[in-house]
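FYI, it's all coordinate maths here, none of it is from the lab. Source: prediction; values computed, not measured. Neighbour counts run over all protein chains shown; Cβ positions are idealised from the backbone, glycine included.
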């Protein structure tokens with residue numbers, strides 16, 4: 001896995017994600033990506049998610065709190081999706097490894 005930087009500095013609320021990723025497939029236009037991503041505990045505020053994302057948690061726990069205050073925590077073996085426009089807090093509670101499929105929306 002190589003270092004990555006999906007978490008924007010201005011969005012970071014706490015922690016240091018020390019992100020890493022391994023891309024399995026990236027489309028020629030770079031809008032579609034399949035891979036594995038890992039991060040250390042941190043929290044960020046996402047003002048507007050920029051694409052469609054499917055996640056399968058392989059290790060660790062992550063909590064998503066949307067703008068309405070709905071809280072969902074996912075652990076190893078759990079899967080979830082995020083759609084364009086989602087906003088809220090994305091919090092990695094413990095070392096996270098996830099398999100993901102991401103498709104950037106046309107407006108991204």
Most fluctuating residue given options 60, 51, 77, as computed from a GNM of the chain linking Cα atoms under 10 Å | 77
Once label points are set 7 Å from the Cα along Cα→Cβ at both residue 67 and residue 45, what is their separation, rounded to one decimal in nm?
-> 1.3
Round to a whole angstrom and tell me the spacing of the C-alpha centers of the stretch 15-53 and the stretch 69-108.
-> 9
The stretch 2-104: Rg to Rh, with Rh as the Kirkwood radius over Cα pairs | 0.93
Distance in nm between pseudo-label sites at residue 54 and residue 23 (7 Å out along the Cβ direction from Cα) = 2.0
Can you sort 86, 37 by how many other beta carbons sit within 10 Å, fewest first?
-> 86, 37
Using the number of other C-beta atoms within 10 angstrom as an exposure proxy, rank 23, 4 with the fewest first.
-> 23, 4
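Roughly speaking, what is the stretch gain from residue 105 to residue 80, that is 0.36 nm per residue apart minus the C-alpha to C-alpha distance, in nm to one decimal?
Numbers: separation 25, 0.36 × 25 = 9.00 nm, distance 1.78 nm.
Additional length available on full extension: 7.2 nm.
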